[in-house]
Structures are given as structure tokens and as C-alpha cells.
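For reference, the structure is listed below as C-alpha cells.
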Amino acid sequence: MRAKQVFAMAMVLALSGCASTDEQLADAAKYHDWQLMSVDGEDVRHHQASLSFIDALQLNGFSGCNDFFAASNIREQRLEVTNLGMTYKQCNAALTGTEQALLATLKSAPIVRLGERQMTLSGEHVLTFKRTTP
């Protein structure tokens, strides 16, 4: 019986640690603008793609050609994106490739890693962002 209680307590602590980490990630990502710097290590700064999180992790962004928006949440250090919508402008091939990589990665529940001024989303592709606001 004692072993079950210890196991149950360990699980509660582990799960509360994940929730705390997820909240910290969400708080650190919110209210900043993030410029896409690279896709799978390839420099894409010239495409001007970016995203930002506002209240309740509402996601807004620019793919380099189209604007997009979605609801999002961080769970178990993964960014979950739902209700993704966007404008539909016709883009040149280079911008379309960046846009497809960005949107595919957002849809793939990528792992979120945050540094002081950098965010990495690792899913379908590895996207590296630089924080552009204080």
C-alpha cells in the first residue's frame, strides 16, 4: 500500500512540474514578436515571416506572403495549434516553400524550446525564431 502512495505522489509532482513548465513557456512566448530566421538550418530572414502570441496564446503571424491566425496551447512542451485560418494571396515559389514549412510545422504539434531571445519549434521542420521585441 505504501508503494502505491509513493508512486501516486511522484506522479502528481511530475505532472504538476509539466504544467508549470508549460505555463512558463507560454508566459515567456507571449507578447513578443518572433521573426523566423531559419527553416531546417537554411536562412530565410529575407522572407520576413513572423509570429506572435497574445492573450490566451492566440497566435497571429505572417508567412512571408499570407497572414495567419489560430488558437494555440502549450501542453507537455508542445505547441498545439487549432482553428488555423489564413489569407490566400498567390506567392512566388520561394515564399510558398517557407510558408508551407511554417504552417506544416505549426500543425505538427512541435516541441517548443525558448532561450533568452530565441525560440525553436521542432516538428515537421525545425524553425528558429529571433525575438524582435523587448
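The values are calculated or read from the model by the stated rules, or taken from the named source; none is laboratory data. No experiment lies behind these values; they were computed from the predicted model shown. As a convention, Cβ positions derive from the backbone with ideal geometry for all residues, glycine included, and neighbour counts pool all protein chains shown. Protein only, heavy atoms only, side chains kept; ligands, DNA and RNA dropped before computing areas. Shrake-Rupley method; radii C 1.70, N 1.55, O 1.52, S 1.80 Å.
With respect to Glu42, determine if the residue is more than 26 Å from Gln24 (Cβ to Cβ), of a type in the set (Asp, Glu) and open to solvent by 70 Å² or more (accessible area, probe 1.4 Å). So Glu42 fits the description; yes.
Looking across the range 16-52, the residues that are in a strand (DSSP E or B) and either among the hydroxyl-bearing types (Ser, Thr, Tyr) or modelled with pLDDT of 95 or more (or both) come down to Asp33, Trp34, Gln35, Leu36, Met37, Ser38, Val39, Glu42, Asp43, Ser50, Leu51, Ser52. Only residues that are outside any strand (DSSP E or B) and open to solvent by 30 Å² or more (accessible area, probe 1.4 Å) were counted across the range 110-132, and they come to 7.
Of the conditions (1) out of contact with any Cys (no Cβ under 9 Å at 6 or more places or on another chain); (2) open to solvent by less than 30 Å² (accessible area, probe 1.4 Å); (3) within 21 Å of Thr133 (Cα to Cα); (4) of a type in the set (S, T, N, Q), Gln58 clears all except one; give me its number. Of (1) out of contact with any Cys (no Cβ under 9 Å at 6 or more places or on another chain); (2) open to solvent by less than 30 Å² (accessible area, probe 1.4 Å); (3) within 21 Å of Thr133 (Cα to Cα); (4) of a type in the set (S, T, N, Q), only one is false for Gln58: (2). Would you confirm whether or not the range 62-80 contains a residue that is open to solvent by less than 40 Å² (accessible area, probe 1.4 Å) and in contact with a Lys or Arg (Cβ under 8 Å, 6 or more places away or on another chain)? Scanning the range 62-80, I find at least one residue that is open to solvent by less than 40 Å² (accessible area, probe 1.4 Å) and in contact with a Lys or Arg (Cβ under 8 Å, 6 or more places away or on another chain), so the answer is yes. Residues in the range 63-72: is at least one within 16 Å of Asp22 (Cα to Cα), hydroxyl-bearing (Ser, Thr, Tyr) and in contact with a Leu (Cβ under 7 Å, 6 or more places away or on another chain)? Taking every residue of the range 63-72 in turn, at least one turns out to be within 16 Å of Asp22 (Cα to Cα), hydroxyl-bearing (Ser, Thr, Tyr) and in contact with a Leu (Cβ under 7 Å, 6 or more places away or on another chain).
Out of all the residues in the range 97-109, which are more than 21 Å from Ala26 (Cβ to Cβ) and open to solvent by 30 Å² or more (accessible area, probe 1.4 Å)? The answer is Gly97, Gln100, Ala104. When Ala94 is tested against (1) at pLDDT below 95; (2) closer than 14 Å to Gly61 by Cβ; (3) open to solvent by 50 Å² or more (accessible area, probe 1.4 Å); (4) of a type outside the set (Lys, Arg), just one condition goes unmet, and that condition is (2).
Taking the condition of a type in the set (A, V, I, L, M), touching a helix residue (DSSP H, G or I) at 6+ places or on another chain (Cβ under 8 Å), open to solvent by 40 Å² or more (accessible area, probe 1.4 Å) and at pLDDT 95 or above, does Leu84 pass? Yes.
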